[in-house]
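Below: the structure, in structure tokens.
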Amino acid sequence: MDSEQGFRCLQMCLHTLRKMAYGGIHDHVNCGFARYSVDDRWHVPHFEKMLYDQGQLAVSYADAYVVTKDEFFADVLRDILLYVSRDLGHSLGGFYGAEDADSYPFEGAPHKLEGAFCVWEYDEICNLLGDDKTKDVSHRDLFIHHYNVKEGGNVNPAQDPHHELKKKNVLVCFGSFEDTSTKFGVDIPTVKEILQKCHEVLYAERQKRPKPHVDTKIVTSWNGLMISGYAKAGFVLKDQEYINKAILAATFIKKFLYSEEDKTLLRCCYRGEEGKIVQTANPVNGFLDDYAFLIRGLLDLYEASLDADWLCWAEVLQEQQDRLFWDSKGSGYFTSPENDTSILIRGKEDQDGAEPCGNSVSVQNLIRLAAYLDRPDLRAKAGRTLTVFADRLKSIPVALPEMTSALLFYHHSPTQVSPSPSIDPCCDTFSRKVFIAGEAEDNNTQALLDVVRSRFIPGRILAVTDGPGGRAGLLYRRHESLSRLRPVHGKPAAYVCRNFACSLPVTEPEELANSLDGSSQKKDFPGTSDDE
């Protein structure tokens, strides 16, 4: 983002995330996001909600919040996680796969209709919201204006080929909170307060409608993406409840979808009667995506929780992934394991679609694990995987955005921040790492972490080492550089490492901030409003 082109790309991303959040693809009443929209304004969605979308969007909105410090993005992030916890969460920690688009419009209806649970008629909204006012502003009038509600419905017939949305309104804001504030002459907090009251009324009404079916299949790979979402949210918002949700989900997978004996994953399990977790007679073994996405989730969970047990499990899974899926002749990862007799031809996925492909995610996982555990063999494997897809990356990089990001990560690898007293120039190849030497619970360590938490540093590696007997003992024992880190005069200290060398240790948050801002060539990013 140091260049004008990078700055413009950032603004494009933020603008898109804003318009999605204001759009009909976002369920303003029940929270969460639909699968996709059928128009170019994010207005009319295909109303199905997928777990893997919620997980990836949570990460995107977390990043947007860190970049901008705009509470708008934090609110959307909380909205996503509320939906997942409430409507897709199993009490033991796993997450269900999806919520259907179709539902019965009323009890006893002969057929299900697309979006029946979500859409509204004009008179229905008027009757529900009544004559309530705040600061002499009609709730009904403000809501109808803000969400573009029309008497004859707001869905273009071209986006409704089956005539299921005739005279219906999909709640969509083509303006902004600022526009509505100006229109009604009240401040933005009042606009949000009125809308929230309206949402509560409509939410209660929607709970009376027949609900869409929830697919209670619990898929390992999708849960890995959701673990990343909760872990990232917990880290950037400093919210332990979100981190606990990620921990509970990871624990669920370890209990129900992982064999401790042979270190392998299963693809999925199911909710049975009375909420019990059940499995089919012939369980499906995990595919590449299940390993790769879960490993990513565990690495994000390590950074959020600072519990190295998750890092340890990620390494075990990576080694098993390499045994099952690695192409020893041509490099890269096959989608299915070698011993799967149901697969006639083993392929290598080479496109990042609604979900990223396993090879793309694996490259980033390998680089991160290599940095954490001082394993150059894993970094070399990441390089060989990139080589396999080099032609694809050169000719159609848009088909592999996740791997393009991994390629940048490989060549301009992470900022590391760590607590420590003194250290020789780093011998690894990562550009920025932050290592902190000190007890994780120490307030001074947390103050240093807050500095990292508040900055968007692509490719950052964050580790905390508290000695061989601490929670991060694995890192201390495995990483030669980390094993030399000590607090300075008993106070937690941080190192920022880039380009083969580490800075002198710093113990004060202001010093760490200066070090990070200097090494990242920090730039203010104004213009995050809708008009930019």
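The values are calculated or read from the model by the stated rules, or taken from the named source; none is laboratory data. Bear in mind the structure is a predicted one, so any value in this text is a computation, not a measurement. Here the Cβ positions follow ideal geometry from the backbone for every residue, glycine too, while neighbour counts run over all protein chains shown. Note: areas computed on protein heavy atoms with side chains; ligands, DNA, RNA excluded. Shrake-Rupley method; radii C 1.70, N 1.55, O 1.52, S 1.80 Å.
Would you confirm, using the coordinates I've provided, whether residue 41 is basic (Lys, Arg) and assigned to a loop (DSSP other than H, G, I, E, B)? For residue 41, the condition - basic (Lys, Arg) and assigned to a loop (DSSP other than H, G, I, E, B) - is met. Pairs linking a residue in the stretch 437-449 that is more than 18 Å from residue 460 (Cβ to Cβ) to a residue that is buried (at least 24 other Cβ atoms within 10 Å of the Cβ) and modelled with pLDDT under 90, with Cβ atoms under 6 Å and 6 or more positions apart or on different chains, are 438/419; 439/466.
State whether the residues of the stretch 352-361 include one that is of a type in the set (Ser, Thr, Tyr), over 29 Å from residue 35 (Cα atoms) and either in contact (Cβ under 8 Å) with a residue 40 or more places away in the chain or open to solvent by 10 Å² or more (accessible area, probe 1.4 Å) (or both). Looking through the stretch 352-361, none of the residues is of a type in the set (Ser, Thr, Tyr), over 29 Å from residue 35 (Cα atoms) and either in contact (Cβ under 8 Å) with a residue 40 or more places away in the chain or open to solvent by 10 Å² or more (accessible area, probe 1.4 Å) (or both).
Go through (1) in contact (Cβ under 8 Å) with a residue 40 or more places away in the chain; (2) at negative phi; (3) surrounded by fewer than 21 Cβ atoms within 10 Å (Cβ to Cβ) and name the single condition residue 173 misses. Residue 173 satisfies all of (1) in contact (Cβ under 8 Å) with a residue 40 or more places away in the chain; (2) at negative phi; (3) surrounded by fewer than 21 Cβ atoms within 10 Å (Cβ to Cβ) except (3). Screening residue 317 on (1) of a type outside the set (S, T, N, Q); (2) more than 18 Å from residue 94 (Cα to Cα); (3) open to solvent by 10 Å² or more (accessible area, probe 1.4 Å) shows it passes everything except condition (3). The single condition among (1) at pLDDT below 95; (2) open to solvent by 80 Å² or more (accessible area, probe 1.4 Å) that residue 178 does not meet is (1). Scanning the stretch 66-78 for residues that are within 30 Å of residue 213 (Cβ to Cβ) and crowded, with 21+ Cβ neighbours inside 10 Å yields 76, 77.
Only one of the listed residues (77, 82) is farther than 27 Å from residue 116 by Cβ and within 14 Å of the chain's Cα centre (by Cα). That residue is 77.
Across the stretch 125-147, the number of residues qualifying as touching a residue at least 60 places away in the same chain (Cβ under 8 Å), of a type outside the set (A, V, I, L, M) and in contact with a strand residue (DSSP E or B) (Cβ under 9 Å, 6 or more places away or on another chain) comes to 2. If I go through the stretch 238-259 residue by residue, how many of them are in a helix (DSSP H, G or I) and either at pLDDT below 95 or under 16 Å from residue 90 (Cβ atoms) (or both)? Residues meeting the conditions: 13. Within the stretch 333-351, the set of residues being of a type outside the set (Ser, Thr, Tyr) and either in contact with an Asp or Glu (Cβ under 9 Å, 6 or more places away or on another chain) or open to solvent by 70 Å² or more (accessible area, probe 1.4 Å) (or both) comprises 334, 338, 339, 344, 345, 346, 348, 349, 351. The residues of the stretch 470-495 that are at pLDDT 75 or above and either in contact with a Gly (Cβ under 8 Å, 6 or more places away or on another chain) or open to solvent by 10 Å² or more (accessible area, probe 1.4 Å) (or both), listed by number, are 486, 487, 488, 489, 490, 491, 492, 493. From the list 110, 161, the one residue that fits, being open to solvent by 10 Å² or more (accessible area, probe 1.4 Å), modelled with pLDDT under 95, assigned to a loop (DSSP other than H, G, I, E, B) and not acidic (Asp, Glu), is 161.
Only residues that are hydroxyl-bearing (Ser, Thr, Tyr) and open to solvent by 30 Å² or more (accessible area, probe 1.4 Å) were counted across the stretch 43-60, and they come to 1. When each of 102, 131, 63, 87 is tested for being under 27 Å from residue 186 (Cα atoms), open to solvent by 20 Å² or more (accessible area, probe 1.4 Å) and not hydrophobic (A, V, I, L, M, F, W, C), the lone residue that passes is 131. In the stretch 261-289, what residues are assigned to a strand (DSSP E or B), closer than 28 Å to residue 352 by Cβ and open to solvent by less than 60 Å² (accessible area, probe 1.4 Å)? Across the stretch 261-289, the qualifying residues are 264, 265, 266, 268, 269.
For residues that are part of a loop (DSSP other than H, G, I, E, B) and charged (D, E, K, R), scanning just the stretch 186-222, find the one that is nearest to residue 132 (Cα to Cα). Once the filter is applied, the top-ranked residue is 187. Of the residues screened, residue 197 is one that is touching a helix residue (DSSP H, G or I) at 6+ places or on another chain (Cβ under 8 Å) and either farther than 30 Å from residue 251 by Cα or open to solvent by 20 Å² or more (accessible area, probe 1.4 Å) (or both). Can you work out which of the residues in the stretch 90-99 that are assigned to a loop (DSSP other than H, G, I, E, B) and open to solvent by 10 Å² or more (accessible area, probe 1.4 Å) is farthest from residue 172 (Cα to Cα)? Only one residue tops the list, namely 92. Residues in the stretch 371-385 that are hydrophobic (A, V, I, L, M, F, W, C) and either open to solvent by less than 10 Å² (accessible area, probe 1.4 Å) or in contact with a strand residue (DSSP E or B) (Cβ under 7 Å, 6 or more places away or on another chain) (or both): 371, 373, 378, 382. The single condition among (1) assigned to a helix (DSSP H, G or I); (2) in contact with a strand residue (DSSP E or B) (Cβ under 8 Å, 6 or more places away or on another chain); (3) open to solvent by 60 Å² or more (accessible area, probe 1.4 Å) that residue 183 does not meet is (2).
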